[in-house]
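Undergrad: This is the structure, below, for whatever I ask next.
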Amino acid sequence: QVQLVESGGGLVQAGGSLRLSCAASGRTFSNYAMGWFRQAPGKEREFVASISRGDSTNYAGSVKGRFTISRDNAKNTVYLQMNSLKPEDTAVYYCAASFDIFPTESRRFGSWGQGTQVTVSS
């Protein structure tokens, strides 16, 4: 399995930006599709974005046009650039890795990070 460590979370005002990073180790990073999920208090974990091994991307409707997922295989890192943040984006954000070609469901991801908190104040 690949080990994943997220960073970059924090407190930001509505309309602001944050960039999350997820560093991978232990396996060949380029072999994995990568995804970001989030979980707000009292809610189920939900899909945010994913990027395939070939750099194809997919986004949840709630973040499309505001968030951008990217990857740097040389640095074994996947990023989530979050712009125009809203209070409803407040959640713990998780990075995940999958051997599937273009996954969006959490059950398709076999490796998970510990999460990083993002809090957006109004």
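Undergrad: For Ser50, are the conditions met, namely being within 29 Å of Ala14 (Cβ to Cβ), surrounded by fewer than 15 Cβ atoms within 10 Å (Cβ to Cβ) and among the polar types (S, T, N, Q)?
TA: For Ser50, the condition - within 29 Å of Ala14 (Cβ to Cβ), surrounded by fewer than 15 Cβ atoms within 10 Å (Cβ to Cβ) and among the polar types (S, T, N, Q) - is not met.
Undergrad: For Arg38, only one of the following conditions fails: (1) within 15 Å of Val120 (Cβ to Cβ); (2) among the basic types (Lys, Arg); (3) open to solvent by 60 Å² or more (accessible area, probe 1.4 Å). What is its number?
TA: (3)
Undergrad: Every residue in the range 113-122 that is surrounded by fewer than 18 Cβ atoms within 10 Å (Cβ to Cβ) and assigned to a strand (DSSP E or B), please.
TA: Hits for the range 113-122 are Gln117, Thr119, Ser121.
Undergrad: Among the residues of the range 69-112, count how many are surrounded by 14 or more Cβ atoms within 10 Å (Cβ to Cβ) and in a strand (DSSP E or B).
TA: Result for the range 69-112: 19.
The values are calculated or read from the model by the stated rules, or taken from the named source; none is laboratory data. The structure presented is a predicted model; accordingly, all values stated were derived computationally and were not measured. When we count neighbours, we look across all protein chains shown, and the Cβ atoms used for this are built from the backbone with ideal geometry, even at glycine. What goes into the accessible areas is simple: the full protein's heavy atoms, side chains included, and nothing from ligands, DNA or RNA. Shrake-Rupley method; radii C 1.70, N 1.55, O 1.52, S 1.80 Å.
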